[in-house]
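What follows is a short report on a single structure.
No lab work stands behind these numbers, since they all come straight from the coordinates. Values in this document were obtained by computation on a predicted structure and should not be read as measured data. Every residue, glycine as well, gets a Cβ built from its backbone with ideal geometry; the counts of neighbours run over all protein chains shown.
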Amino acid sequence: MAGSGTAHLRGDALLTVEHLLVEFPVGRTGLKVNAVTDLSLDIADGETVGLVGESGCGKSTTGRAIMQFPKPTGGTVVFDGTDLTTLNGEELRRTRPAMQMIFQDPISSLNPRRTIGDIVSEPLNIWKRGTPAERAARVDEVLDAVGLDPAVAKAKRPHEFSGGQCQRIAIARALVLEPKVIICDEPVSALDVSVQAQILNLLEDMKERYQLTMVFIAHDLAVVKNVSDRVAVMYLGKMCEVASPDSLYAAPAHPYTRALLTSIPVPDPTRRPDPEGRLQGEIPSPVMPPSGCRFRTRCPLAQERCAQEEPQMRRVADDHYVACHFPLVDAAAEPAAATV
Amino acid sequence: MARKKVVLTSPSAAGDKIDGPLLEVEDIRTHFLTPSGTVRAVDGVTFTLDRGKTLGVVGESGSGKTILSRSVMGLLPTRNVLRRGAIRYQGHSISDYSQQQMRSIWGTEMGMIFQDPMTSLNPVMKIGKQITESLRYHLDMDKGEARETAIALLTSVGIPEPGQRIDEYPHQLSGGMRQRVMIAVSLACGPRLLFADEPTTALDVTVQAQILDLLQAQQVERHMAIILVTHDLGVVAGRTDDIAVMYAGKVVEKAPTAVLFSEMRMPYTEALLNSIPKLEDPSHTRLQIIGGRPPDLINPPTGCNFSPRCPYAQPKCFVDEPPLRDAESPGHQFACWYPVGTPEGRQALEDNVAAVFPAALLATETGLDQPVGA
């Protein structure tokens, strides 16, 4: 799981993240949290990439590092031909309208003392886009697009809305500057299933309407599969598997992906949950990650080699890449596995 | 504990009736009297639960499922709350018990696990103390005995190095570990009935699966009944004996789990199920959504509460409230005039689609004619 390598990169992407490294110091101990280690990922124009993993696997940190928020410790983030990591404050600020973020908790990500009209128009005011009348029209347009009645909503404050509606407002705020890329950090984790469905459908509509490129971060593979064109599975700061959602589900190659898939509750009473093969224990500390493959401590297939050698990303099928010494694929379909 | 234990004829002391259900709830109503009006949070719910069985209570936020479990357990404030109906636990009517009397039931007979394991544990108390508190109070254990029992409990809920963990504080544990501690606290005195109120909503899918497995294993070992409250039909599908679907404070459909999924009659149940993204579906499958929001519980709509959002709604639904009536399968009840999967229901949906009725269009975007759950 804990694999490095760039075999899965495609070259002509809108956003390319290479060898991303994010570390945080642990007090004055001299130790560091290895939040993200040597992670590479690319996102093509108009694509939705789903980033999945457990809590603490570094998926949110990756999302924030792409935004340079905070700047990563190492690696490059190339957006539209510019390496964001080399930019200074003002240059970076100028790239912000093109990249926006939506957060997990919709209520706490909106200022409770401001009206919805203020919240959604603030980005336009900061960037002095158009005349006041044009700005107001733009705010009305996005509020309408996310399914809120501008005439009613603009004068209200966040507490007057439900969680799902607050998430719609957060989406409207992210869209108002017409960004190219939106990073959604667990946008539906705090919502009920019925509201979750509304927000997922809305994100799909918005993507089509505004030609968005999205990074969708979540821990639920079923949700990620629904919205993504490509799914990247992360574990403890490393990339495990990258594939198209349908092939990832049909034939997960990484033992961790398979474990994630079996954890999802299925709304079908004839399929009893099977505790066998369940992932046991919890994610190890990123301060002292395991040697070799970082997943080996919980992996049912781990061998000695996994402790010594870090697996590299490699291709197992069309647009299906995995970082594992012993991937779950048929020997025939696995040209590279026999060697090394 | 220096406190004197209140002695009363607790249900267990008064001799259990081994036959008969463990819990009988009859037409309970919990209304909150607020300045803006009476909030009918639970409005006439009836169910029975047998020993060792699991009842799933499913519904959206604000459907009254949490208030239902708190009403049964007597965990609501006494002021400005109107409580009606009968609750019988092992044949004893506990609905009129005082707080003092309930105290002998909490912990020993009924336990509860809450949604957020961080805020339901005391942050300034070691976890060992939080487990031994009830052991010392209810079971009169001495310190050493209570500590040993606590370590055994931590082991049984799957906490590694329990001898060390027992002296740690909640913030030193991860979310999943905290929920395990919470389970150990609620299981300490061996309750016969456990309320699990969204026990895994704050957790990752992998940890959720572990916690649900743990609850199931403990249930079998202790022959304990569980009321599992959740908003996710996926969570209850493989793990409950019966399911009650709640909407706006009322049970709108109730059935044995397998029957509920194969013969669901209530459009709300169908809509809840269809809103879950399924792994089997190709990506970018449009999800069926339930338009609008749950009703205002101060001024609920006339007729069926679900009618403003229902794809099947007909004029009758806006006027007459459907009663909970029996379906063909034993134990299956639903409240709907135009049930799913019947000729009347199909006709109602077709009429609504033809009339360009918004709720019906939302529902049919994914194609309602596909078999449910496929």
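Some observations on this one:
- Antiparallel %, DSSP beta bridges [both residues in the protein assembly as shown], to 5: 60 percent
- Cα centroids of region B:71-144 and region B:312-331: 37 Å apart.
- Shape category assigned to region A:1-108 from the gyration tensor of Cα positions, a/c cut at 1.5: rounded
- Cα gyration tensor shape for region A:182-242, rounded if a/c is under 1.5, else prolate or oblate: oblate
- Candidates B:Pro358, B:Thr155, B:Met264 compared by Cα position along the dipole of chain B: farthest toward the positive end lies B:Thr155, with charges placed on Cβ.
- Partner chain coverage, peptide A:236-248 - average Cβ within 10 angstrom: 1
- Violating pairs (Cα-Cα greater than 22 angstrom) within the set A:Lys128/A:Lys207; B:Lys53/B:Lys254; A:Lys154/A:Lys180; A:Lys59/A:Lys180; B:Lys53/B:Lys278; A:Lys225/B:Lys250: A:Lys128/A:Lys207; A:Lys154/A:Lys180; B:Lys53/B:Lys278; A:Lys225/B:Lys250
- Neighbouring Cβ atoms from other chains, within 10 Å of the Cβ of residues in B:226-234, number 3 on average.
- Residues whose placed amide H lies under 5 Å from that of A:Ala7, excluding near-sequence neighbours: A:Met313
- Using θ = phi - 60° in the Karplus curve 6.51 cos²θ - 1.76 cosθ + 1.60, the 3J(HN,Hα) couplings for region B:189-204 round to 9, x, x, 8, 9, 10, 9, 10, 9, 6, x, 10, 5, 8, 10, 4 Hz; x is entered for Gly and Pro.
- Region A:144-160-region A:279-306 distance, computed between alpha-carbon centres (Å): 47 Å
- Applying 1/(1 + (r/R0)^6) with r as the Cβ-Cβ distance of A:Ala250 and A:Ser291 and R0 = 35 angstrom yields a FRET efficiency of 0.65.
- Taking Cβ separations below 4.7 Å as the criterion for a possible disulfide partner, the isolated cysteines in chain A are A:Cys57, A:Cys166, A:Cys184, A:Cys240, A:Cys299, A:Cys324.
- Listed residues A:Arg168, A:Arg113, A:Arg135, most fluctuating in chain A (Gaussian network, C-alpha, under 10 Å): A:Arg113
- Signed unit charges on C-beta, dipole axis of region A:1-123, positive-most listed residue A:Leu31, A:Leu21, A:Pro97: A:Leu31
- Computed 3J(HN,Hα) for region B:99-112, one whole-Hz value per residue from the Karplus formula 6.51 cos²θ - 1.76 cosθ + 1.60 where θ = phi - 60°, is 4, 4, 6, 4, 4, 6, 9, 4, x, 7, 10, 10, x, 9, glycine and proline marked x.
- Listed by chain and number, the aspartates and glutamates placed with their C-alpha closer than 13 angstrom to that of A:Lys156 are A:Asp118; residues fewer than eight positions away on the same chain are left out.
- Of all DSSP beta bridges confined to chain A, the antiparallel ones make up roughly 60%.
- Computed from label points 7 Å out along Cα-Cβ, the spacing between A:Arg305 and A:Gln280 is 2.5 nm.
- DSSP H segments from chain B that extend 15 Å or more along their own axis, Cα-based, with Kyte-Doolittle mean of -0.5 or above: B:127-139, B:143-156, B:175-187, B:205-222
- If both residues of a DSSP beta bridge must be in region B:23-240, then about 55% of such bridges are antiparallel.
- For B:Gly303, nonlocal amide neighbours, meaning residues 5 or more places apart or on other chains whose placed amide H falls under 5 Å from its own, are B:Glu321.
- For the residues of A:182-195, the average number of beta carbons from a partner chain within 10 Å of their own beta carbon is 4.
- The protein assembly as shown: C-alpha gyration tensor shape, a/c 1.5 cut-off, then a/b vs b/c: oblate
- Residues whose placed amide H lies under 5 Å from that of A:Arg230, excluding near-sequence neighbours: A:Thr48, A:Gly50
- Highest-fluctuation residue, B:Asp241, B:Asp281, B:Asp296 considered, GNM on chain B with Cα pairs under 10 Å: B:Asp281
- Charge dipole of the protein assembly as shown (Cα centre as origin; +1 on each Lys and Arg Cβ, -1 on each Asp and Glu Cβ, all else neutral): 2360 debye, rounded to the nearest 20.
- Helical content of the protein assembly as shown, expressed as a calculated mean residue ellipticity at 222 nm, amounts to -9000 deg cm²/dmol (DSSP H runs of 4 or more residues, -39,500 (n - 2.57) each, divided by residue number, nearest 500).
- Choice from B:Val45, B:Val207, B:Val236 with maximal GNM fluctuation in chain B (Cα, 10 Å cutoff): B:Val207
- For region A:213-230, 3J(HN,Hα) per residue [Karplus equation, 6.51 cos²θ - 1.76 cosθ + 1.60, θ = phi - 60°, Hz, x = Gly/Pro]: 10, 10, 10, 10, 9, 6, 9, 9, 4, 5, 5, 4, 4, 4, 9, 9, 9, 8
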